[in-house]
Amino acid sequence: MRLSVLQLLLIGFITAVANARETDAQDLLKRNVSLKAENIPLQKALAEIESKAKVRFAYSRNMIPVDEKVSITALNEPLAEVLDRLLSPLQIEYKSTNEQIVLKRNRKKTSFLNISGFMREITPIQIQPEADLSISGKVTDEKNEPLPGVSVVMKGSQRGTTTNAEGRYTLAVPDANATLVFSFVGYLPQETVVGNRSAVDISLKTDTKALAEVVVVGYGTQQKEDITGAIATISDKQMKDAPVAQVGQLLQGKLSGVRIDQTSGRPGEGMNIKIRGAVSITAGADPLYVVDGMPISGNINTINPAEIESITILKDAAASSLYGSRAANGVVLIQTKTAVAGKTLIDFNAYYGFEQIPKSRRLTMMNAEEYAQFQKEIAEQNGRPVNTVFQNPAQYAGKGTDWYDAITRTAPIQSYNLTVNAGMKNFTTSVTGGYFNQQGVIVGTGYQRLSLRVNSVFTPSDKVRIGFNVAPNYATNTNFATDGGPYGSENIVSAALATTPLASPYNPDGSLTLTASDPATFGNPNWLRVAKEKVYEGKNLQLLSNAFVEYKIRKGLTAKTTVNVQLSNSSTFQFNPSTIGVMFTPPPRIPFGSDNTARSYNWINENSLTYQTDFNGHSLDALVDFTAQRYRGESTLVTATNYADDKIQAVSAAGRVVVTSGVQEWALLSYLARLNYNYKSKYLFTASVRRDGSSRFGPDNRWGNFPSASVGWIVSKEDFWKVKPVSFLKIRASYGTTGNFDIGNYTFRSTVSPVFYAFGNTLFQGRATNNLGDSNLGWERKKQFNLGADIYFLNDRIQLTYNYYSTKSSDLLFNVAVPQSSGFSNIQTNIGELKLWGHEIGINTYNINTRRFSWNTNFNISFDRNKTVSLTTKETTALFHGILSYGFYSHRSQVGHPVGMFYGAVQEGVYKNQQDFDSSPKYADSQVGTIKFRDLNGDGKITFPEDYTDIGNPWPDFIFGMTNTFTYGNFDGSLTLTGTYGNQILTQYENWTTNLDGVFNVLQEVKDRWKSPENPGAGKYGSTQQGTTYLERDRWHTRYIKDGSYLSFKNITIGYAIPLKASGPIRRLRVYGSVQNAFIITKYPGPNPEVNTRNSASGSSPGIDENSYPVPRTVSFGVNVGF
């Protein structure tokens, strides 16, 4: 039923746009208007009418007495009557056309005098106006069909109108020298001089630029019209001026089939990007990122968004198979900015703002009085004496210490970017330099980035092109541990929430306390002191560079060689002074620290030949390529303990130093080829194949082949196509294979570790095998079918893209049990299969496009489903994974069901009284007042896992996004919405925020728990009786499962372009204000419904909220200047 409602909404949306036409002239004049004008200039009276009646007046100041004083009073009268009374005394007549009213001086009826048989014309001199021409006409397309909504403007003036439903218009111009400009979305603009004509008819030609747009695809570019795979693109036009901190924010909500979650607000943290759902259980699920042709390793958040020119998402096998063994999860192609020959442009963009945690996205914990009452009731229920601290809870009336408030702040954010694009005949260069500084909303955290990119191309001759692209960047951060549960850790976000509100962070003299505890809780440090005094310094210096030489051997045949290099050098220094501690271990402590350094280099050499030719309606484009890639990473970790004091923090000052190091290497060798063919630009065909050899897989299965093929048919170019509302129709189909090599570098090998054994009284060191190797370990493979269509309506005003896809992931990597006699418990091998299928819909509409106002909409929605087809063996029907709690995992992947379903018990309230307890199935430790579970297997008792089942689904029914962009005069605005529907979230943070043992502060709602048979509460939380609380704390059950659906107002931006003189040095000056993460509509009680903590690795255990770094609302103000 939900889907049918959505379909109706989509149909209604398309129908509304399709039937959008200019208002009928007669309806326009029937609009009621109220006006009171006393002796004001005519121009002001007309302006008031424009505002109240939502119309526009077009007139010449030379012809209309705009300064003439007028008076009129009208109360809810038709516009025609008001205009008659206002304009008739001034000898002004009017004519309505669409939303515009044209004014001109009234030419009185001509008088004639018959003298001696001759007719002589007499015109009253006192009303003789200057000449004013009324031009009318009709605008049609190339098929002679009328075009409604075409903008008709007199060049160099404010005069203008639009064509009506029949394509007709009328416009007053001062003389025959006037030039009319006709423009309409999807058509080439056209200009014409009026001359001695009173009727000007125009036929507009289709603008093929949109379809002829060149799109970056794997290993080259292709015209958008010729693409047969499933891709999505964000262009520079859609990204420019966006005040974002990271690449993911440029894409969020704008692309069908792409889910982008901001799972953490930690400064400098990247976003979680998934293309077309889950495709693996144990291997990686992140897409491959390719920057200027180079597949990169590490965090793409180091790339400055201001450097990016376009982003292309390759979704199906036909689009991504050229990346072979790394393309199973899709490919993200990032193209950085280049310059254009003959132009020199300078752009400066800056913004400054602040970040805050919205009050609505905070957990509501008990205040001081509620907490003291909670502790008192726990002691009383368990027969213990009540500590004096808790005997009189009323003495703590008020909030007490809100530790979450104590460790958070309003934080500044700022960004500055300067881009210079210079182009000469034989040389172009684009240089972008940027500085970004984001202080975190958690005290002590922050991120800074300095970046530079130089992208140059030298063309010494018609045959040779030489290019280089160098992009160094340096980033620092102070982001100490913040995410996850509080148990025995310094994860400050969770720990602050769990800390007693009776403790203060400050001593009476204003200094910071050492601890934050009370008689009931474990000892804890002062978390504000932890945030202020913990030393955490992360640094990363990275260089991305590539250079190429391209040579045209002959017409159509080009050779190219490219060398790409990625260098990275990072370090992380930490020091914990004696004044801070972790949960359960308060200070003072012996200081300790660490220094971790890592270096890596990643190089790729690509050598290709391309051939392109056209003959007799045939077009052929072929590519062959040989690629070699090698990666090496080195790391050294120095752990330092037993410092003498806090003064000297260098690791060399520690009493005990332990050094460990490691090396990781992998290599890839590839051969690939692609053929693009089309006939008469109507019949399209693409085939490609890649053969990869990877060091990550066993010697018996090291090479893999990844072919694909796709076809397309542009039906609308056929002579028989007569469907006028459909201006473009292309049908696409593809099938291909990609792979997933995102596993460990040495998984197929048997590894060894040092071991010690005693022989007599002597300890000897030896080596032992850790695991069984598998020389046949190979790729996870994904075979995908895609069927799609691109349909444009109403001269491309509505652009619809649809894709259906079906994917089978096979040869999944699993640990399979082996006989115990081998000395090992399991071996990792290729076995198992998943199925994934779904629908994607993307709609771009040009809703309104007039001289003064435009409104465009981008809407997308995606539905995907997945199913576990088979697992390790025929006898294995389920795989358990996720978070382990007392022997049971949080997720189950069961044959015939979706991957990673939440797994646990079904809560059915609490045992309210003795009668309820006696008549219900129960667990061994159950008592009156404890939580009650459903007896799923019907044996009359509660046992685990016999009474466990799937209790929730982390996968949404659909995800969606919508962006609206507006312009009105010099103002511009945009609104981006994102959301999901139907998914659920496991609130793992409730494991401690609802803990009934009294060792933490808890959620305020825990007050409504079972306290007695007479006061059983709402049935959500059980008794605090010692020995029973573990039943709800340590067993996954339905109380932890929450609705994760949401609608997020991701970004709201309003800008104003300041008018400039055309001859001045500044070509563009815009100021704006923006709100990122403006607000969210959701039933989810947690801080962030986008959280997906366990989804970053393989995608098999999604939807867990462990309470991560809060996602702030960002308000910023900026300026864009172009020279």
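Data for the structure
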{"read-out": "Any hit, the range 812-822, residues being buried (at least 19 other Cβ atoms within 10 Å of the Cβ) and either in a loop (DSSP other than H, G, I, E, B) or within 27 Å of the chain's Cα centre (by Cα) (or both)", "value": "yes"}
{"read-out": "Residue tally, condition of a type in the set (Phe, Trp, Tyr) and under 18 Å from Thr206 (Cβ atoms), over the range 793-807", "value": "1"}
{"read-out": "Output for the range 509-533, where each listed residue is under 19 Å from Gln574 (Cβ atoms) and either aliphatic (A, V, I, L, M) or out of contact with any Gly (no Cβ under 7 Å at 6 or more places or on another chain) (or both)", "value": "Asn526, Trp527, Leu528, Arg529, Val530, Ala531, Glu533"}
{"read-out": "Complete set of residues in the range 608-627 that are loosely packed, with under 14 Cβ neighbours inside 10 Å, closer than 21 Å to Ser688 by Cβ and touching a strand residue (DSSP E or B) at 6+ places or on another chain (Cβ under 7 Å)", "value": "Thr613, His618"}
{"read-out": "Residue among Gly896, Gly929, Gly887 that alone is small (Gly, Ala, Ser), more than 30 Å from Arg276 (Cβ to Cβ) and surrounded by fewer than 18 Cβ atoms within 10 Å (Cβ to Cβ)", "value": "Gly887"}
{"read-out": "Residue in the range 486-514 that is surrounded by the fewest Cβ atoms within 10 Å (Cβ to Cβ), counting only those that are β-branched (Val, Ile, Thr) and within 16 Å of Val443 (Cα to Cα)", "value": "Val493"}
{"read-out": "Which listed residue, of Asn421, Asn469, Asn437, Asn426, is buried (at least 20 other Cβ atoms within 10 Å of the Cβ), in contact (Cβ under 8 Å) with a residue 24 or more places away in the chain and in contact with a strand residue (DSSP E or B) (Cβ under 7 Å, 6 or more places away or on another chain)", "value": "Asn469"}
{"read-out": "Test: Thr872 is among the β-branched types (Val, Ile, Thr), in contact with a strand residue (DSSP E or B) (Cβ under 6 Å, 6 or more places away or on another chain), part of a strand (DSSP E or B) and farther than 21 Å from Trp837 by Cα", "value": "no"}
{"read-out": "Inter-residue pairs, beta-carbon under 6 Å, first modelled with pLDDT of 85 or more and in the range 862-885, second among the acidic types (Asp, Glu), 6+ apart", "value": "Ser862/Glu840; Val869/Glu833; Ser870/Glu833"}
{"read-out": "Answer from Ser734, Ser716 - the residue that is outside any loop (DSSP other than H, G, I, E, B) and farther than 30 Å from Ser809 by Cβ", "value": "Ser716"}
{"read-out": "Matching option when the condition is among the β-branched types (Val, Ile, Thr) and surrounded by fewer than 16 Cβ atoms within 10 Å (Cβ to Cβ), among Val549, Val565", "value": "Val549"}
{"read-out": "Of residues in the range 221-253 being in a loop (DSSP other than H, G, I, E, B) and among the polar types (S, T, N, Q), the one surrounded by the fewest Cβ atoms within 10 Å (Cβ to Cβ)", "value": "Ser235"}
{"read-out": "Hits in the range 520-546 (condition: assigned to a helix (DSSP H, G or I) and either crowded, with 18+ Cβ neighbours inside 10 Å or hydroxyl-bearing (Ser, Thr, Tyr) (or both))", "value": "Trp527, Leu528, Arg529, Val530, Ala531, Glu533"}
{"read-out": "Options Gly1027, Gly1017, Gly979, Gly969: the member that is out of contact with any helix residue (DSSP H, G or I) (no Cβ under 8 Å at 6 or more places or on another chain) and modelled with pLDDT of 95 or more", "value": "Gly979"}
{"read-out": "Failed condition for Ala350, given (1) crowded, with 24+ Cβ neighbours inside 10 Å; (2) farther than 23 Å from Asn469 by Cα", "value": "(1)"}
{"read-out": "Within the range 472-490, tally of residues that are part of a strand (DSSP E or B) and either touching a helix residue (DSSP H, G or I) at 6+ places or on another chain (Cβ under 8 Å) or at positive phi (or both)", "value": "2"}
{"read-out": "Criterion (surrounded by 15 or more Cβ atoms within 10 Å (Cβ to Cβ), at pLDDT 55 or above, over 22 Å from Phe184 (Cβ atoms) and not β-branched (Val, Ile, Thr)) met by exactly one of Leu28, Leu46, Leu6", "value": "Leu46"}
{"read-out": "Conditions (1) surrounded by fewer than 24 Cβ atoms within 10 Å (Cβ to Cβ); (2) in a loop (DSSP other than H, G, I, E, B): number failed by Glu309", "value": "(2)"}
{"read-out": "Options Asp935, Asp947, Asp925: the member that is of a type outside the set (Val, Ile, Thr) and either assigned to a helix (DSSP H, G or I) or in contact with a helix residue (DSSP H, G or I) (Cβ under 8 Å, 6 or more places away or on another chain) (or both)", "value": "Asp925"}
{"read-out": "Test for Asp292: is it among the charged types (D, E, K, R) and either crowded, with 23+ Cβ neighbours inside 10 Å or farther than 30 Å from Gly167 by Cα (or both)", "value": "yes"}
{"read-out": "Selection within the range 736-764 - under 20 Å from Gly662 (Cα atoms) and surrounded by fewer than 20 Cβ atoms within 10 Å (Cβ to Cβ)", "value": "Gly744, Asn745, Tyr746, Thr747, Arg749, Ser750, Thr751, Val752, Ser753, Pro754, Val755"}
{"read-out": "The range 902-914, residues that are surrounded by 24 or more Cβ atoms within 10 Å (Cβ to Cβ) and not in a loop (DSSP other than H, G, I, E, B)", "value": "Phe902, Tyr903, Gly904, Ala905, Val910"}
{"read-out": "Which numbered condition Phe960 misses (of (1) at pLDDT 95 or above; (2) farther than 30 Å from Gly248 by Cα; (3) not charged (D, E, K, R))", "value": "(2)"}
{"read-out": "Long-range neighbours under 6 Å by Cβ, at least six apart or interchain, first residue part of a strand (DSSP E or B) within the range 127-150, second of a type in the set (Asp, Glu) and modelled with pLDDT of 85 or more", "value": "Gly137/Asp201; Lys138/Asp201; Pro146/Glu166"}
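Every residue, every condition in (1) crowded, with 19+ Cβ neighbours inside 10 Å; (2) farther than 30 Å from Glu840 by Cβ, yes or no:
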site	(1), (2)
Ser320	yes, no
Leu333	yes, no
Lys337	no, no
Pro358	no, yes
Gln381	no, yes
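To keep it simple, each residue is scored yes or no on (1) modelled with pLDDT of 65 or more; (2) within 30 Å of Lys205 (Cα to Cα).
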| position | (1), (2) |
| --- | --- |
| Asn62 | no, no |
| Glu77 | yes, no |
| Glu81 | yes, no |
| Ile115 | no, no |
| Gln126 | no, no |
| Pro129 | no, no |
| Ile135 | yes, yes |
| Asp141 | yes, yes |
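The values are calculated or read from the model by the stated rules, or taken from the named source; none is laboratory data. None of these values were measured; they are calculated from a predicted model. Cβ: placed from backbone, ideal geometry, glycine included. Neighbour counts: every protein chain shown.
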